[in-house]
Structure formats: C-alpha cells, structure tokens
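Q: I have a structure here, written as structure tokens, and I will follow up with some questions on it.
Every number here is computed from the coordinates shown, using simple stated rules; none is lab data. Every value quoted in this text rests on a predicted model; they were computed, and no experiment measured them. Cβ: placed from backbone, ideal geometry, glycine included. Neighbour counts: every protein chain shown.
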Amino acid sequence: MENEKVKSSRISVRNIALIGMMAALMAVISQISIPMPTGVPVTLQVFGLAFIGMMIGWKRGFCAIVIYILVGLAGAPVFANFGAGPARLVGPAGGYLMAWPVMVALCGIRFNMENRKMRIFMTVVCAMAGLAAVEVFGGWWWSHVAQSDFGAIMIYSAAAFIPKDAVLTLLGLFFGDRVRKVLKASGHEI
C-alpha cells in the first residue's frame, strides 16, 4: 500500500514531457500577436490556455503555464512579440499573465457527470470564470500601472478583447477536447 502511494505521488517522465510541450506550445501561440499602442497586444493566448487546460487537465496545465511564465521572466523571449523579462510582468499586460494559471486550471477541470449537456455546461462556466478572472485582474493591473480609470479600461477591453477572447476560449475547449479524444481513441491516453 505504501509503495503504491509513493508511485502515484511521483511525477512521471510522461507528465514532465507533456508539461514542457504545452509550455512550448504557449510560447509559439504567444507570437501570434498584434502590437497595440496601449501596450497590451491582441493575441490568441486565451485559445492556448483553454486548449492546454482541456488537453492535459488542471494540474499539468497549471504547471505548464507557470513554467512558461518563469521561462519568460528568466529572459527567454516567449511572451507576446518575443518579449521577455520581469518588465513584462510589471508592465501593462502583467496582470493578464499573472491570472493565466487560474484560467488554465479552470479550463482543465474535468467533470464526471453522466449528463453530457451538464458536463459541457459546467466546463464552459468554469472556462468563462477563468476568462473573467484574466480580464478583470488584467484590467485592474493595467489601470494600476497606467494610472488610468479601471472602468475605462474595462470598457475598452469589452470592445477590443472580451468578445474575441470568449470565442477563442470556446474554440480552445472544443479543439482541446477533440485532440484529447483522438489521442485516447488511438491508445495514447493523456
């Protein structure tokens, strides 16, 4: 019994590889970006967060995004527009980055319900709660750094980011679920 407990608590090479691959995927997705004069670029990163969470679950997804952020903080150019370093975390977009582990974790929660529609509904609710955390904390941080009105930033975000990000989040969930199912059907359980 004790030996089984020790084995289940170890991090497997497979999990390390999955976490590393998803952190690298996030680095690639982050480069699909349109710089904006406000300092917060328009990106596809929330697609990546939803996709990664859905693919590998909340624990490994959380680890992948934390590693991605740490690699960027260490100086590797993995952030949007090949950005790197602590300045990105304390800049206008830093709040969005800081909230990403929350979003990927919420997108990665797997519900074991018999009712398929309820399972899908709960997954979407959690993902949208994660997106809301990113948008609100990111907007709050941006207003703090830029010394701007939080309400004005949220109005701008509602026009420039939130509709696009909601669609990208749903697409990330959809494609992450499809890829996971294809891998499972081919004998490669993630």
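Q: Please turn the phi angles of the range 107-112 into ³J(HN,Hα) values with the Karplus equation 6.51 cos²θ - 1.76 cosθ + 1.60 (θ = phi - 60°), one per residue in order, whole Hz, x for glycine and proline.
A: 6, x, 5, 10, 9, 9
Q: Among Ile155, Ile190, rank each residue by its count of other Cβ atoms within 10 Å, from fewest to most, as a rough exposure measure.
A: On the way: Ile155 12, Ile190 15.
The fewest-first ordering by Cβ neighbours comes to Ile155, Ile190.
Q: Next question. Determine, for Leu25, Leu106, Leu168, Leu183, the number of other Cβ atoms within 10 Å of each Cβ, and report the residues in order from fewest to most. Each step should come with its number before you reach the end.
A: On the way: Leu25 16, Leu106 25, Leu168 21, Leu183 13.
Going from sparsest to densest Cβ surroundings: Leu183, Leu25, Leu168, Leu106.
Q: Then there is this: Taking θ = phi - 60°, what integer Hz values does the Karplus form 6.51 cos²θ - 1.76 cosθ + 1.60 yield along the range 178-190, in sequence order, with x for Gly and Pro?
A: Going residue by residue, I get 5, 5, 4, 5, 5, 5, 4, 5, 8, x, 10, 5, 9 Hz, with x marking Gly and Pro.
Q: For Lys184 and Gln147, FRET efficiency with R0 = 45 Å and r from the beta-carbon atoms, rounded to 0.05?
A: Efficiency at R0 = 45 Å is approximately 0.35.
Q: What value, in deg cm²/dmol to 500, does the helix sum -39500 (n - 2.57) over DSSP H runs of n ≥ 4 give at 222 nm once divided by the residues of the chain? Before the final figure, lay out the partial values.
A: Values: 8 runs with 139 residues, N = 190.
Per the formula, -24500 deg cm²/dmol.
Q: A further question on this structure: For Ile34 and Val66, calculate 0.36 nm times their separation in residues minus their Cα-Cα distance, and state this gained length in nm to one decimal. Please report the intermediate quantities before stating the final value.
A: Details: separation 32, 0.36 × 32 = 11.52 nm, distance 2.34 nm.
Roughly 9.2 nm would be gained on extension.
Q: Continuing with the same structure: Mind listing the long-range amide H neighbours of Val42? Cut-off is under 5 Å, sequence gap 5 or more, other chains count too, H placed in the peptide plane at 1.01 Å from N.
A: Under 5 Å from the amide H of Val42 lie the amide H atoms of Ile34, Met36, each far enough along the sequence or on another chain.
Q: Another question about this same structure. Please give the Cα centre distance for the range 85-155 versus the range 32-63, rounded to the nearest Å.
A: Result: 10 Å between the Cα centres.
Q: May I have the count of lysine pairs in the chain with C-alpha atoms under 25 Å apart, counting pairs 8 or more residues apart or located on different chains?
A: Count of close lysine pairs: 9.
Q: Calculate one ³J(HN,Hα) per residue across the range 57-64 by plugging θ = phi - 60° into the Karplus curve 6.51 cos²θ - 1.76 cosθ + 1.60, and present them in order as whole Hz with x for glycine and proline.
A: Values per residue, Gly and Pro as x: x, 5, 5, 5, x, 4, 4, 4 Hz.
Q: For the residues Lys164, Lys184, what sequence is obtained by ranking on other C-beta atoms within 10 Å, fewest first? Don't skip to the end; give the middle numbers.
A: Working: Lys164 15, Lys184 11.
The fewest-first ordering by Cβ neighbours comes to Lys184, Lys164.
Q: Which one, (i) 1.14; (ii) 0.98; (iii) 1.00, gives Rg/Rh (Cα atoms, Kirkwood Rh) as derived from the coordinates shown?
A: Read-out taken from this structure: (iii).
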